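What follows is a single structure, written as C-alpha cells, with notes after it.
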Amino acid sequence: MTLQWLFGLTAAMLVTGTAAGQVLRRTARSESTRATVDNMNERIVAWWALCSLAGLALVLGEGAVLAFFALFSSLALREFVRLTPGRALFPALLLFTALQYWAVWRRSTGLFDTLIPAGAALYIPAHLAVTGYTERFLERAAKVYWGLMVCTFCLSYAPALLTLEIRGYAGRNTTLLFYFLLVAQSSDVLQYIWGKLAGRRPIAPRISPNKTWEGFLGGLLSATALGTALHGATPFEPWQAAVACGAVTLTGFAGGLVFSAVKRGRGVKDFGSLVIGHGGVLDRIDSLCFSAPAFFHLARYFCPPGL
C-alpha cells in the first residue's frame, strides 16, 4: 500500500461521512438528534481542512511536515499557557519548540532526547527565580514544564518517524507517519461514533461523562482492526500492526482523558475555538501528544536499523 492509496482511502471515508451527515441532517427529527448531527457535520468539515493540510505537508516534503507540526505545537502551547500562570515564559517555550524540531531536522538524537527533558527542566525554574517569582513557585514551574513536554516534546515524536532507518522501507517513512495519523484520528472518530450509538456507562463521569466504556472498547477494536487491515502500508507484520494500533488507541484515549481533566480543573469546555467543531488545536491533538511516543518507540523496536 502506498501513500497515495492511503490518501484515497481517507478521501473516500470523508466523502462517505459528508454524504451520511447530509442525509442525517435532513432526516433528524428531535432536537437532541439534530444537535448531534450538526456537531458531527462540523467535525467532518474540520476533518477535511486538517486532512488537507496534513496531506499537503506530506506531499511537499519533510521540511513542510516539520513546519506543520511545529506550528501545531506552538498553537497548542499558546492555548495551554492561557490557562496557566506561564504567559511570561511563552517566548522561551517557542524557542525550545523551534530547537526541538530543528533537532529532528538535523537527526540530532542527543539534542532531541535531552533539550526539553533536561534543558527546559532547568531553565524554567531558573527563569522564575531570576524574575523574582516565588508565589506557588514549584506549582507554576511544573505546569509550564508539563505543557512544554506534552505539546512539543511528545508531539515531536510524530514527525520523528521520518528519521527512522528501516531496512526495505527506505523512502516510505511519510507513509508510516500518515498511517499513524490515520489510525490515531480514526480511533477518536470511532470512539465518538460508538459512544453515540451504544454508550451507556461513563468511564470517568466527573471528568468526561461522554467517554463511555462502550465507546472506548468499540473504538479500540475498530481502530485496531482498521490498522491491522492496512498493515501493508507499514514495515510491520500483521500482529505487530495490531499491537501498535492497540497502543495508539490506548494512549490516545489516555491523552484525551488527561486533557479533559485539565479543562475540568480550569473550568473551561475547550482550550480554544480555532478549529470549528473541535474547539482549539490542543483539543484536536491531545490524543496525538500521548500516542506519538508510543508508536515511535514500538516502530523502532519492531524494525531496528539494519534488520
Which one is least open to solvent (accessible area, probe 1.4 Å), of the residues in the stretch 213-232 that are over 20 Å from the mean Cα position of the chain (by Cα) and closer than 24 Å to Lys269 by Cα?
Glu214
Cβ pairs under 8 Å, 6+ apart or interchain, first in the stretch 3-27 and under 28 Å from Gly232 (Cα atoms) and in contact (Cβ under 8 Å) with a residue 24 or more places away in the chain, second open to solvent by 80 Å² or more (accessible area, probe 1.4 Å) and in a helix (DSSP H, G or I), ordered by first then second residue, are Leu14/Trp48; Thr18/Trp48
Search result, residues across the stretch 179-198 that are more than 17 Å from Phe290 (Cα to Cα) and open to solvent by less than 20 Å² (accessible area, probe 1.4 Å)
Gly195
Taking interchain pairs and intrachain pairs at least six residues apart, which have beta carbon atoms under 7 angstrom, with the first residue in the stretch 166-177 and outside any helix (DSSP H, G or I) and the second open to solvent by less than 20 Å² (accessible area, probe 1.4 Å)?
Ile166/Cys303
Note on Trp146: of the conditions (1) over 25 Å from Asp283 (Cα atoms); (2) under 23 Å from the mean Cα position of the chain (by Cα); (3) part of a helix (DSSP H, G or I), unmet is (1)
Would you call Leu75 of a type outside the set (Gly, Ala, Ser) and touching a Leu at 6+ places or on another chain (Cβ under 8 Å)?
yes
For the stretch 59-83, enumerate the residues that are open to solvent by 20 Å² or more (accessible area, probe 1.4 Å), in contact (Cβ under 8 Å) with a residue 40 or more places away in the chain and of a type in the set (Ser, Thr, Tyr).
none
Residues being among the charged types (D, E, K, R) and at pLDDT below 85 - total across the stretch 191-205
2
Given the criterion polar (S, T, N, Q), open to solvent by 50 Å² or more (accessible area, probe 1.4 Å), out of contact with any Gly (no Cβ under 9 Å at 6 or more places or on another chain) and modelled with pLDDT under 70, identify the matching residue among Thr33, Thr16.
Thr33
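The values are calculated or read from the model by the stated rules, or taken from the named source; none is laboratory data. Keep in mind that what you see is a predicted model, and the values were worked out from it rather than measured. Cβ: placed from backbone, ideal geometry, glycine included. Neighbour counts: every protein chain shown. These area figures cover heavy atoms from the full protein model, side chains too; ligands, DNA and RNA do not enter into them. Shrake-Rupley method; radii C 1.70, N 1.55, O 1.52, S 1.80 Å.
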